[in-house]
1. Listed residues Arg283, Arg288, Arg307, Arg318; which is surrounded by fewer than 19 Cβ atoms within 10 Å (Cβ to Cβ) and over 25 Å from Ala214 (Cβ atoms)?
2. Of these, Cys66, Cys86, which one is more than 24 Å from Asn23 (Cα to Cα), surrounded by 19 or more Cβ atoms within 10 Å (Cβ to Cβ) and touching a Gly at 6+ places or on another chain (Cβ under 8 Å)?
3. Consider only pairs whose beta carbons are under 9 Å apart and that are at least six residues apart or on different chains; among these, list those whose first residue lies in the range 102-118 and is over 15 Å from His68 (Cβ atoms) and whose second residue is among the β-branched types (Val, Ile, Thr) and in a loop (DSSP other than H, G, I, E, B).
4. Filter the range 185-231 down to the residues that are modelled with pLDDT of 90 or more, of a type in the set (Asp, Glu) and out of contact with any strand residue (DSSP E or B) (no Cβ under 7 Å at 6 or more places or on another chain) and list them by number.
5. Across the range 89-113, which residue is surrounded by the fewest Cβ atoms within 10 Å (Cβ to Cβ) among those that are small (Gly, Ala, Ser) and either in contact with a Ser or Thr (Cβ under 6 Å, 6 or more places away or on another chain) or at positive phi (or both)?
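The values are calculated or read from the model by the stated rules, or taken from the named source; none is laboratory data. These numbers come from a predicted model, not from an experiment. Cβ: placed from backbone, ideal geometry, glycine included. Neighbour counts: every protein chain shown. SASA here: full protein model, heavy atoms, side chains in, ligands and nucleic acids out. Shrake-Rupley method; radii C 1.70, N 1.55, O 1.52, S 1.80 Å.
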Amino acid sequence: MAINRLKNNRSAKTKDLPPPYPNGWYGVLESSMLSAGKSMYISCLGQHFAVYRTQAHKVYVLDTYCPHLGANMGLSGRVVGDNIECPFHKWSFRGIDGRCTNIPYSSCVPSAIKVKKWISTEVNDHIFIWYNVEDLEQPWTIPISDELQTKQFVYQGRNEFYVNCHIQEIPENGADLAHFAAIHKKSFMSGCIDAKENFLTNFARHDWKASWSATEDKHIAEVKLCHYIVLFNKFKFFKINVTGKQLGPSYVHLFLHSPIFGSFQIFQTITPVEPLLQKVVHRFYAPRLMAPIVKILICGESIMFERDMNIWDHKIYRGNPQLIVEDSSVKKFRKWYSNFYSVNSDGFNISETLQW
């Protein structure tokens, strides 16, 4: 009851929220979680998906509920060739177009029987689906990481969070340049939520220089960061240059380089489980020998992200915020992000957020 009261109070203040599900690619599943011959049920974006991998390692995504009597094919559905077989009556549906190909107790399969087939792709160890309410809009290509493809970088770890906010607020953080000093200046060793003033505050802090810009490709934006750890407010070390490619509404590819330790990469996916509940996953990749450094990086990044979560979980969305000149990048970000909403985008429905 307390959780529902909290969600209800926040929902009452969200009349100016943008549509909860922008158009674009969404990382719905990490590749390592789906082995050959297996199926999974995924609920997100206000939809229900059956995601399965064939023995030939081809991934297909279909609507999960069988058109016969509504069984969930993502749960216990059997993968047969390129088809998924419903566990209730063994009807089979073809991954390439969603058509029913076999009804074991019938000599006839009506051609009209089918489920929706979703456009999907597997890249950078993620399975993505294309969600777009404008049927005629073609998906853009997700760039492949050469370092992952050639095995120069290997998987080093991940973290996972559930954030109570609108999806737009998470990538908007990259354009909110003033928040870096306000939220992320104190040493990560000071803690995550409500970082305390202690001896570490004067011993070490983080220094950030940041910029945000849109690119010529309307679905790509770029944030650039230069990070230092500053000792005794005087000595700078552990420089890291970061370039973040925001690819559409929900996917960020971060390129990090340290002059001392070398390069590594982070992939961030944001998946709307509900209109005001986002699943955020970060996966870390680097050369194998960098493992000890990357473990420290994962710890620090997790703490910094939780500091942001402490704000997101308790704020409301301002559709018309009172900005100053120094906040111009936030205004530019919102103009860029509006590319992913269209006239047919589903509006925000308060009743959707009241279920736990």
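1. Numbers: Arg283 fails: surrounded by fewer than 19 Cβ atoms within 10 Å (Cβ to Cβ); Arg307 fails: surrounded by fewer than 19 Cβ atoms within 10 Å (Cβ to Cβ); Arg318 fails: over 25 Å from Ala214 (Cβ atoms).
After ruling out the rest, the residue left standing is Arg288.
2. Working: Cys66 fails: touching a Gly at 6+ places or on another chain (Cβ under 8 Å).
The unique qualifying residue is Cys86.
3. Lys117/Ile96
4. Glu216, Asp217
5. If we filter the range 89-113 for residues that are small (Gly, Ala, Ser), which is where we start, we get 92, 95, 98, 106-107, 111-112.
Remaining after also requiring either in contact with a Ser or Thr (Cβ under 6 Å, 6 or more places away or on another chain) or at positive phi (or both): 92, 98.
Working: Ser92: 21, Gly98: 19.
Ranking the candidates gives Gly98 first.
Listed here are the residues, each with its yes/no results for (1) open to solvent by less than 30 Å² (accessible area, probe 1.4 Å); (2) modelled with pLDDT of 95 or more; (3) of a type in the set (A, V, I, L, M, F, W, C).
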residue	(1), (2), (3)
Ile3	no, no, yes
Lys7	yes, no, no
Lys13	no, no, no
Lys38	no, yes, no
Gln55	no, yes, no
Ala71	yes, yes, yes
Leu75	no, yes, yes
